[in-house]
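Everything on this sheet refers to the single structure shown next.
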Amino acid sequence: MARSVPFALLMSILLVPAVFGQTREAEIEAARSAKEKVLAPETVTKAEQVLRDIKDQKVLERLSTGFHGLRPKIGNMVTGAGFALGPEFYRADLLREHLEFRTSAGFSFGGSQKYEIEARFPKLASERLELEFVGSHRNYARLGYYGQGPDSLKIDRTNYRMEDTSFDAIVTTRVNGKIWLGASLGKFYSNPGPGNDRRYISTERKFTAAQAPGIDIATNYIRPSIFAQLDYRNDPLGPKAGGNYVMQYSWNDDRKLNQYDFRRLDIDLQQYIPFFNRTRIIALRAKTILTDTDRNESIPFYLQPVLGGSDDLRGFRPFRFTDRNMVVYNAEYRFEVFAGLDGAVFADAGKVFPRRGMLNFRDLEGSVGFGLRFNVKNATFLRIDTGFSHEGFQVWFKFNDVFNQRRFGTSTGQPVY
Amino acid sequence: MRYLWTLVLIPLSLAGQRFYADDPLEFEPKPRNVPMAANRKLSDYYDLFSNQFGRPGERNSELGEPTRAKGVSTLGEPMQGAWWMKRHYYKRMSLEALQLGAGGRTPPSEGKWTIVSAKNEGVTPGFTVVDGAKRMFFVKFDPMSNPEMATAADAVTGRLFHAMGYHVPDNYIVYFSEERLEIGKDVKITGMLGKKRPMVWADVEEILRKVPKTADGKYRATASLALPGKPIGPPRYFGTRADDPNDVVPHEHRRDYRGLHVIDAWLDHDDSRAINNIDILVKEGGAQYIRHYQLDFGSTLGSATAKANSARSGTYFFSWKESAAQLFTLGLYVPYWAKADYPKFESIGKFEYKVFDPERWVPEYPNVAFLNRLPDDEFWAAKQVTAFTDEELKAIVAKGELSDAKAAEWLWRCLVERRNKIGRAYFTKVLPFDEFRVEGGELRWTDLPAKLGYWGETAVDVQWSSFDNGAGRKSPIAGQSGTKLPAMREGYWCATLTSRSKKTQTIDVYLRYSGGETAVVGIDRTW
């Protein structure tokens, strides 16, 4: 019996770690032992796997890149053309990423077509020089026209077809990180015709050639231009501070009829005034297009500046006003809702006018409204704006920043873009 | 028969006991061999969405009784091992040791660096190079807009993390000229559209064109020595690795992870997500186990690696309440963080201390380990943060090698002031006593805020009890109060310290008297 006591104690000491663990270490080891029995490969869920593979395999990049550069292109048509779709071929990696090449065709349910081809060399002279060749053919079947001048009536809405072809070469040099200078030279062929929107009368049936110059005849232009830009916005894709000042002067030489020569000055001034650490921004823009002609010359109505739509007077229909000159002032108060969404309250004021001397703040049309801007990495990918004016209200779904525009080149020289 | 009962009862009594003979355990037990652990990558998008809109892990907010931190000793300290080591707070490091960080003695060698891979995309461009001593380094640059910013942030934060006990890589700020680089054999680079192609010298030039140069025409970068072992993907902030037998504590309940919230707030490490950690399979003594590292400190201290940090730092990308308030007031409601005033230091980015509020700071999206933190987790982290003296912080900031003395001064000032805010915030939530010890027959401790000069000593009442280790029951000893130890016999004793100003704040300090020696073996805090 006496021998049994130490035996029992010994047994208990030996058994304790195995059964219950008499030390903290044994307790941890017991947990490890239990885990060791159920070891399994570390995995991720299906959903995570998919998301991971999308990134690793650069699926989004490949989708945007397309199959060997071929991909669908949605939209990119003039407002009012209807839903548009077409193929695009795009390669940004040619010549060791020194040549970007793009060509596309777009077709809208409203009967419009657009074909483009573009070759761009963005990295010449250590990325200080860009050279771009652009060609396009557009057949817009139903552009709106309300008559010339600030007093045109909403009820006078008509529509016309605009068929044009252009070729341009653009050279741009970066003076420093903020200043760009450039020039372009291009050829432009225009051919207006009857619109296909049966809801509205065709333009040539309502307006005479005197009221809508150039409506009855096709012509073509040589159009050289020079331009300059001072851009010190903090982020051009989603500016929150800084300014962007663009000026372009172009000569439009009517080579066919010699009666529609004109010169055009585009000025676009944007200023972004941030406060509360760029979570609140006052965004201001003043934009004007001024034209002039020699005596006895006029400007085709479809090359005259227009006003109204998602990017300027948001309470009015697209192309609501047309005349030889235009000016628009926009002010937005933008506020951050969360990292991916900004809200905005805005006011627009602008007018078209026949003589440059009327560039002033009198007789402006106005609209006000509010909007939401969804963004990824600061760049707006969806903008929903609702604008109100004395002509009613407009709701815009757009996939760009409201003041965004191509830096310069041909876009400002064409009737619509 | 009687002996049989003895056989049964002794283990039973041991099983229910509060303290074991080896408490407090200083180190994790020797790690078991990890037989299989394959590299598994996580998706950063999934991490964002699952944490922002899902509820991964076990949340304290959903438990009736919050889960206290696990994986800690009975003194409340994380056990040293694969996750964390006791360093500066526990045993003061010299200025030199603080500056050296996780290594500090083996920068890339002179001579040619051979590029073995390169990255011309992503957040920042970079190379992987092998130096003359055949060591591999990951080379990362500052953004053009903010020279010195990301490299300085990495250098400073990496050293602070190391001093606070975390495993971090051995990183160096290096300066080099283009001539030092050469392209290795068969090196490929991924083009802008995702296709791999042979790397040519023009690719090196293009990468270098995107990064700033120093006044003397050199490139400045962080060179991070490749960690010894095999990378097997990041640990998550919740759950455990299924292939690691040593990983038995859910990460959301680890003190060293919960406490990171406070540390990350101090250093504005709002990018503290899973993919900025890494598990490394290391071999030691013929066995292999997983060590857990913190990585990528370029997005700290006002830097967002590729640009200055957003003013949003310290708030979630998205929260219902704040978003609704801003939307429906048309922005008239301005969140507190938006009112911060940042001085213009390109080499710092956006870092400040006046608006900083450690209690309101959160990372970019919810992190369950951070959300689970309790006041004792915060206290544990805060005592480490406040362990750095002004002089020590200055020495560490110097390792950021900022050429603008005013910027360095600002960075140091921010670290000092934010440190003090953290001390003041978290030392009020629990009784801020630590370093309990027995000296001269009395129980002594360090009153941290008093020692650091935040405020005067906190008055407490002390009540002694005997402690039944098997039953976990305290029996107060009548008339035994004050710091003087009671007459003890073999066994366990407990001193309950109660704040006189806030009675809910108590600390139970457990002592074991054995063989004539008295040792502090356990601490329990209430708040």
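The values are calculated or read from the model by the stated rules, or taken from the named source; none is laboratory data. Predicted, not measured: the structure shown is a model, and the values here were computed from it. Here the Cβ positions follow ideal geometry from the backbone for every residue, glycine too, while neighbour counts run over all protein chains shown. Surface areas here come from the heavy atoms of the whole protein model, side chains and all, with no ligands, DNA or RNA. Shrake-Rupley method; radii C 1.70, N 1.55, O 1.52, S 1.80 Å.
Here B:A478 and B:R360 are evaluated by their C-beta separation; at R0 = 35 Å the FRET efficiency comes out at 0.15. Taking all protein chains together and rolling a 1.4 Å probe, A:M162 ends up with roughly 0 Å² accessible.
Considering only alpha-carbon pairs that sit under 8 angstrom and 6 or more positions apart, the relative contact order computed for the range B:102-231 is 33 percent. Rounded, prolate or oblate, given the Cα gyration tensor of the range B:393-444, with a/c below 1.5 counting as rounded? Note, shape of the range B:393-444 comes out oblate. Could you please state, rounded to a whole Å, how far the C-alpha centre of the range B:211-246 is from the C-alpha centre of the range B:123-174? About 9 Å separates the Cα centre of the range B:211-246 from the one of the range B:123-174. Ligands, DNA and RNA excluded, the heavy atoms of A:V395 present near 70 Å² of accessible surface to a 1.4 Å solvent probe. Per residue, chain B exposes 41 Å² of accessible surface when a 1.4 Å probe is rolled over the protein heavy atoms with every protein chain present. Per residue, the accessible area of chain A comes to 47 Å², computed with a 1.4 Å probe over protein heavy atoms only. Taking every DSSP beta bridge that has both ends in the protein assembly as shown, the antiparallel portion is near 95%. Only Cα pairs within less than 10 Å get springs; with that Gaussian network setup on chain A, which residue of A:N404, A:N220, A:N139 has the largest fluctuation? The residue that fluctuates most here is A:N404. Reported to the nearest whole Å, the Cα centre-to-centre distance from the range A:370-400 to the range A:240-296 is 22.
Comparing mean-square fluctuations of A:S33, A:S389, A:S250 from a GNM of chain A with C-alpha springs under 10 Å, the top value falls on A:S33. Roughly how many percent of the accessible protein surface of chain A is carbon and sulfur, given a 1.4 Å probe and a whole-percent answer? Here carbon and sulfur together make up 61 percent of the probe-accessible area.
Please give the Cα centre distance for the range B:501-527 versus the range B:315-366, rounded to the nearest Å. Each part's Cα centre sits 40 Å from the other's.
Between the Cα long axis of helix A:46-56 and the first principal axis of chain A there is an angle of about 60°, rounded to the nearest 10. Once the Cα atoms are used to define both axes, helix B:2-15 deviates from the longest principal axis of chain B by about 40 degrees. To test your reading of the geometry: what angle, between 0 and 90 degrees and rounded to tens, separates the Cα axis of helix A:4-19 from the longest principal axis of chain A? Helix A:4-19 and the main axis of chain A meet at about 10 degrees.
Other residues whose C-beta falls under 12 angstrom from the C-beta of B:K307 contribute a net charge of -1, scoring Lys and Arg +1 and Asp and Glu -1.
Across the range B:195-209, rounded Karplus estimates of 3J(HN,Hα) from the backbone phi angles (6.51 cos²θ - 1.76 cosθ + 1.60, θ = phi - 60°) give 8, 8, 8, x, 7, 10, 4, 4, 5, 4, 5, 5, 4, 5, 5 Hz, Gly and Pro being marked x.
With a Förster radius of 22 Å applied to the C-beta separation of B:R105 and B:E284, the computed FRET efficiency comes to 0.60. The local environment of B:L42, defined by Cβ-Cβ distances under 15 Å, has a net charge of -2 under the rule Lys, Arg +1 and Asp, Glu -1.
Among the GluC sites (Glu not before Pro) within the range B:132-197, not one is in coil by DSSP while having at most 13 neighbouring Cβ atoms inside 10 Å. Each residue was assigned an accessible area with a 1.4 Å probe, and for A:V376 the value is about 90 Å². Among residues other than B:R220 with Cβ under 14 Å from its Cβ, the summed charge is -2 (Lys and Arg +1, Asp and Glu -1). The Cα atoms of the range A:146-413 give a gyration tensor whose axes a ≥ b ≥ c have a/c of 1.5 or more with a/b no greater than b/c, which makes the shape oblate. Of the residues A:F133, B:F328, ranked by 1.4 Å probe accessible area with the largest first, the sequence reads B:F328, A:F133.
Sequence-ordered 3J(HN,Hα) estimates for the range B:259-266 from the Karplus curve with 6.51, -1.76 and 1.60 and θ = phi - 60° stand at x, 4, 3, 5, 5, 5, 5, 4 Hz, glycine and proline given as x.
For the range B:433-526, relative contact order (Cα pairs under 8 Å, six or more residues apart, normalised by length) works out to 23 percent.
Here the range B:273-339 exposes an accessible surface that is 63 percent carbon and sulfur, computed with a 1.4 Å probe and the other protein chains kept in place. Annotation: amide H-H contacts under 5 Å for A:L313 (H modelled 1.01 Å from N, sequence separation of 5 or more, or interchain): A:G308. Working from Cα pairs under 8 Å separated by at least six residues, relative contact order for chain B is 16 percent.
For the B and A pair, go ahead and give the buried accessible area with a 1.4 Å probe, both sides summed, in Å² to 100.
Looking at B and A, the buried total is near 5900 Å².
Helical content alone sets the calculated 222 nm signal of chain B at -7000 deg cm²/dmol, taking -39,500 (n - 2.57) per DSSP H segment of four or more residues and averaging over every residue. Using θ = phi - 60° in the Karplus curve 6.51 cos²θ - 1.76 cosθ + 1.60, the 3J(HN,Hα) couplings for the range B:41-46 round to 8, 9, 9, 5, 5, 5 Hz; x is entered for Gly and Pro.
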